[in-house]
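The values are calculated or read from the model by the stated rules, or taken from the named source; none is laboratory data. Note that the structure is predicted; figures quoted are calculated from it, not measured. We place every Cβ from the backbone using ideal geometry, glycine too, and count neighbours over all the protein chains shown. Areas reflect the complete protein model, heavy atoms only, side chains present, ligands, DNA and RNA absent. Shrake-Rupley method; radii C 1.70, N 1.55, O 1.52, S 1.80 Å.
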Amino acid sequence: MEAGGLCCPRQRQVLFLVLFGGVYLAGSGFGQYSVTEETERGSFVVNLAKDLGLGDQELVARGARVVFDDNEHHLFLDSHTGDLLTNEQLDREKLCGSTEPCMLYFQILMNNPFQIYRAELRVRDINDHSPVFQNKEIVLKILENTAEGTSFRLERAQDSDGGLNGIQNYTINPNSFFYVKISDSDEDMIYPELVLDKALDREKQQELGLTLTALDGGSPPRSGTATIRIVILDINDNAPKFSQAIYHTQAPENSQVGSIIAKVSAEDVDSGVYADISYSFFDASEDIRTTFQINSYSGEIILRMLLDFEIVKSYKINIQAVDGGGLSARCMVLVEVLDTNDNPPELIMSSLSNHVAENSPESILAVFKIKDRDSGENGKMLCYIQDNLPFLLRPSVENFYMLMTEGALDRESKAEYNVTITVTDLGSPRLKTEHNVTVMVSDVNDNAPAFTQTSYTLFVRENNSPALHIGSVSATDRDAGANAQVTYSLLPPQDPQLPLASLVSINADNGQLFALRALDYEALRVLEFGVGAVDRGSPALSSQALVRVLVLDANDNSPFVLYPLQNGSAACTELVPRAAEPGYLVSKVVAVDGDSGQNAWLSYQLLKATEPGLFSVWAHNGEVRTARLLSERDAAKHRLLVLVKDNGEPPLSASVTLHVLLVDGFSQPYLPLPEAAADAAQADPLTVYLVIALASVSSLFLFSVLAFIAVRLCRRNRAAWVGGCSVPEGHFPGHLVDVSGTGTLSHSYQYKVCLTGGSGTSEFKFLKPIVPNIQAQGPGSTSEENPTFRNSFGFTFQ
């Protein structure tokens with residue numbers, strides 16, 4: 001703050017003399033109450049509820065409290081009864097000294113609305129102190145030629161009581177020479193004067209002894225005594241004389257102990273011992289004797305202890321100068337104590353609340369009073385708090401201030417504030433007082449739990465063990481305490497048919513998810529459901545998240561063979577012509593696997609064969625093909641055991657048996673295997689008839705087609721009938737017979753045919769099949785070298 005300025009930029013401050021509107025000051029005057037000093041603690045003073053016109057419970061509801069200006073607890077308020085009672089034994093002399101009346105000022109503070117009642121308590125004096133003389137023996141030196149009626153002022157006695165209980169009268173014991181006269185001083189106090197009533201004669205009596213008694217006005221009265229010793233002197237006709245009757249001086253309150261405050265001087269025109277002057281305090285109080293001392297030879301007044309402007313602002317010191325002959329003179333020294341800025345401002349907290357609920361409107365956190373014991377500019381004060389805080393200081397009356405919130409607070413943004421209330425005076429140098437208030441923002445449930453992710457993807461392998469921990473969800477709540485305690489739950493599924501409660505469960509406390517039973521990838525690959533998080537606030541707040549559980553496949557399904565069928569019926573026999581070349585497609589094993597991925601990758605392997613090396617199985621497609629040329633030495637019947645294996649870990653497999661029959665040609669009657677013959681013998685006659693009928697119809701249809709083709713071909717080239725059927729193959733490129741592979745073969749085959757002449761049997765000859773990827777035999781092949789063909793009905797033709 002710059003010199004001469006009254007405010008700082010960006011500081012909230014106000015002069016203590018400014019009264020801010022908005023706080024009601026009850027009453028226009030003081031509430032006046034009284035109590036007698038030394039009464040017992042808990043003594044009744046007044047019923048505030050009745051005196052202020054309030055209801056019985058209004059003092060409790062409004063948080064009434066009593067604050068004294070000296071920040072002491074002289075009284076306490078019983079809020080339930082409304083009685084104001086003494087909190088201690090009050091000593092008027094200790095509280096007020098000689099000041100009368102003894103007044104203690106206090107305020108009554110109430111909230112809702114905030115009000116201040118000003119009041120004062122008068123402490124009534126009781127006569128509990130006796131008069132006391134500072135000197136128990138008073139010595140007076142009086143010349144023998146002193147005129148009758150001359151008065152001598154005596155030191156007055158001290159009485160801590162005031163008013164009527166103070167000193168009211170002085171008396172001396174009966175004697176022939178003196179009596180006591182009571183006089184008033186300018187300080188409204190009485191003091192005794194000793195008056196000479198009869199001339200003295202030193203030759204007859206050199207000393208007199210009298211007893212001075214001080215009486216107070218109490219009932220019963222108390223008294224104190226002092227002895228007056230009167231020394232009768234020879235004649236000294238010149239008394240000392242001060243240069244000034246009244247000395248004025250000033251002393252700063254921070255004057256050092258031992259410093260000279262003032263100096264008095266007196267002269268005596270006499271000579272010899274009658275001109276020797278000594279200085280002393282006259283009729284000085286104990287306070288003056290404690291604070292000052294005087295050099296009896298030089299008249300210098302020296303400071304014995306520090307001055308305090310706030311306690312005593314001025315002193316009146318009576319000085320007496322006495323010469324060697326006993327004559328004396330008196331003067332007065334007026335010491336004015338100058339105030340210095342030696343007292344920092346004081347902050348007296350009347351009420352304080354360290355907690356405020358967030359989202360609350362303007363709230364009063366603290367009510368306090370400031371004061372400075374200095375005066376003038378040294379006693380003027382500024383009060384402010386630091387910037388950038390959501391608080392303000394609102395001045396009230398009698399130097400009271402209220403610390404308030406500017407608006408709603410947010411605990412999640414900041415839960416604790418340290419507010420420093422600074423009070424500084426305008427003295428030089430400036431003194432300040434700081435008071436720290438820690439404000440805790442109480443939580444309100446204004447934040448819903450928030451999941452760390454909007455959706456969670458979890459993985460679990462099928463065939464898991466029940467109660468398996470498959471993952472967790474987590475939600476946090478920015479609130480505190482019970483408002484931040486989160487409980488997790490499963491939300492009802494969108495599909496009412498989904499038995500979610502029997503599949504998964506969630507730990508309500510930590511969000512851990514468990515699979516309640518073994519999951520099957522083939523039955524349920526993806527499980528989606530919602531989870532909720534709700535806090536324990538009032539009202540409770542909640543949020544949701546989506547959980548997606550992906551079931552991972554396990555190799556728990558063996559391959560299943562679709563073809564050839566393995567259902568316990570008669571085995572299917574595959575026919576292979578002996579003229580088949582290497583790589584001839586015999587059959588194809590078709591299998592599937594209920595698993596997925598590499599668990600469903602199938603491979604095929606020939607485990608066992610009647611004649612090893614004759615047949616082979618392609619590992620990736622299951623095709624069974626001939627591995628070499630067939631010979632007459634090869635057995636006609638073959639049994640092949642094919643293994644189908646997946647690629648899982650561990651791998652699972654299945655096996656299938658194939659029956660293969662080698663035939664010389666398709667016209668060769670089909671010779672069933674022994675096992676098939678046995679089964680056929682037991683077949684139903686109706687089935688046999690049906691098979692024969694179907695075979696006949698098929699043969700008839702095929703014969704008709706072939707005859708029609710042969711006739712058309714022979715008509716085009718009649719010369720061919722003379723030389724036999726030796727027409728080159730190139731003459732019949734477009735006349736082919738297509739026989740679809742409706743049996744066990746996977747490809748269609750086309751055969752070139754012609755009708756042979758000169759044959760006794762008049763049968764068809766199949767010249768050669770046109771098979772993809774298989775090399776055909778050359779022209780001129782015999783019928784034994786031609787491949788056989790099995791049609792879709794199982795009959796063989798050549």
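Residues of the range 326-341 being among the β-branched types (V, I, T) and surrounded by fewer than 18 Cβ atoms within 10 Å (Cβ to Cβ), which ones?
Passing the criteria: only T340.
For the subset of the range 303-325 comprising residues that are in a loop (DSSP other than H, G, I, E, B) and touching a helix residue (DSSP H, G or I) at 6+ places or on another chain (Cβ under 8 Å), which member is most open to solvent (accessible area, probe 1.4 Å)?
Filtering the range 303-325 for residues that are in a loop (DSSP other than H, G, I, E, B) and touching a helix residue (DSSP H, G or I) at 6+ places or on another chain (Cβ under 8 Å), the one most open to solvent (accessible area, probe 1.4 Å) comes out as R304.
I'm trying to understand the selection: among the residues of the range 415-446, which are more than 26 Å from N341 (Cα to Cα) and either in contact (Cβ under 8 Å) with a residue 60 or more places away in the chain or out of contact with any strand residue (DSSP E or B) (no Cβ under 7 Å at 6 or more places or on another chain) (or both)?
Selection gives A415, V437, T438, V439, M440, V441, S442, D443, V444, N445, D446.
Give me the residue from the range 452-501 that is outside any strand (DSSP E or B) and in contact with a Pro (Cβ under 8 Å, 6 or more places away or on another chain) and, out of that set, nearest to N555 (Cα to Cα). Talk me through it step by step, then tell me what you get.
Applying the first criterion (outside any strand (DSSP E or B)) to the range 452-501 yields 452-454, 462-467, 473-474, 477-485, 491-501.
Keeping just the survivors that are in contact with a Pro (Cβ under 8 Å, 6 or more places away or on another chain) gives 477, 500.
On the way: D477: 43, L500: 25 Å.
Taking the candidates together, the pick is L500.
So, in the range 372-388, how many residues would count as being within 25 Å of N112 (Cα to Cα) and open to solvent by 20 Å² or more (accessible area, probe 1.4 Å)?
The initial filter retains those residues of the range 372-388 that are within 25 Å of N112 (Cα to Cα), namely 383-385.
Next, only the ones that are open to solvent by 20 Å² or more (accessible area, probe 1.4 Å) stay: 384.
Going through the range 372-388 one residue at a time, the tally reaches 1.
Quick grid of which residues meet (1) over 25 Å from S185 (Cβ atoms); (2) touching a residue at least 60 places away in the same chain (Cβ under 8 Å):
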| site | (1), (2) |
| --- | --- |
| E120 | yes, yes |
| V123 | yes, yes |
| D128 | no, yes |
| K141 | no, yes |
| A147 | no, no |
| R153 | no, yes |
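Failed condition for F76, given (1) crowded, with 18+ Cβ neighbours inside 10 Å; (2) assigned to a strand (DSSP E or B), with all others met?
For F76, the exception is condition (1).
Among the residues of the range 157-201 satisfying the criterion of being in a loop (DSSP other than H, G, I, E, B), open to solvent by 50 Å² or more (accessible area, probe 1.4 Å) and among the charged types (D, E, K, R), which is farthest from D128 (Cα to Cα)?
Among those that are in a loop (DSSP other than H, G, I, E, B), open to solvent by 50 Å² or more (accessible area, probe 1.4 Å) and among the charged types (D, E, K, R), it is D201.
Could you list, in sequence order, all residues of the range 57-66 that are assigned to a loop (DSSP other than H, G, I, E, B) and farther than 20 Å from Y33 by Cα?
Q57, R62, G63
For (1) more than 26 Å from R65 (Cβ to Cβ); (2) more than 22 Å from the chain's Cα centre (by Cα), each residue gets a yes or a no:
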{"position": "F368", "(1), (2)": "no, yes"}
{"position": "D372", "(1), (2)": "no, yes"}
{"position": "M381", "(1), (2)": "no, yes"}
{"position": "N388", "(1), (2)": "yes, no"}
{"position": "S396", "(1), (2)": "no, yes"}
{"position": "N399", "(1), (2)": "no, yes"}
{"position": "M402", "(1), (2)": "no, yes"}
{"position": "K414", "(1), (2)": "yes, no"}
{"position": "Y417", "(1), (2)": "no, no"}
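If you go through the range 667-678 one residue at a time, do you hit one that is out of contact with any Gly (no Cβ under 7 Å at 6 or more places or on another chain), modelled with pLDDT of 70 or more and outside any loop (DSSP other than H, G, I, E, B)?
no
Here's a check for you: in the range 520-551, which residue that is modelled with pLDDT under 90 and aliphatic (A, V, I, L, M) is nearest to the chain's Cα centre (by Cα)?
That would be L524.
Looking at (1) in a loop (DSSP other than H, G, I, E, B); (2) open to solvent by less than 40 Å² (accessible area, probe 1.4 Å); (3) touching a strand residue (DSSP E or B) at 6+ places or on another chain (Cβ under 7 Å), which is the only condition G537 fails?
Answer for G537: the failing condition is (3).
For the range 347-366, give me each residue that is within 15 Å of H435 (Cβ to Cβ) and either without any contact (Cβ under 8 Å) to a residue 12 or more places away in the chain or part of a strand (DSSP E or B) (or both).
Result: L347, I348, M349, S350, S351, L352, L365, A366.
Of all residues being in contact with a Leu (Cβ under 6 Å, 6 or more places away or on another chain) and of a type in the set (S, T, N, Q) in the range 556-586, which is least open to solvent (accessible area, probe 1.4 Å)? Just the residue, please.
Among residues in the range 556-586 that are in contact with a Leu (Cβ under 6 Å, 6 or more places away or on another chain) and of a type in the set (S, T, N, Q), the one least open to solvent (accessible area, probe 1.4 Å) is T573.
Quick one: in the range 95-125, which of the residues that are touching a Lys or Arg at 6+ places or on another chain (Cβ under 7 Å) and assigned to a strand (DSSP E or B) is surrounded by the fewest Cβ atoms within 10 Å (Cβ to Cβ)?
M103
Across the range 620-653, which residue is surrounded by the fewest Cβ atoms within 10 Å (Cβ to Cβ) among those that are of a type outside the set (G, A, S) and under 10 Å from P559 (Cβ atoms)?
P651
Mind checking which pairs have a first residue in the range 449-466 that is within 30 Å of S538 (Cα to Cα) and a second that is in a loop (DSSP other than H, G, I, E, B) and open to solvent by less than 30 Å² (accessible area, probe 1.4 Å), Cβ under 7 Å, 6 or more apart or different chains?
As it stands, the answer is P449/D477; F451/V473; Y456/V473, since those pairs meet every condition given.
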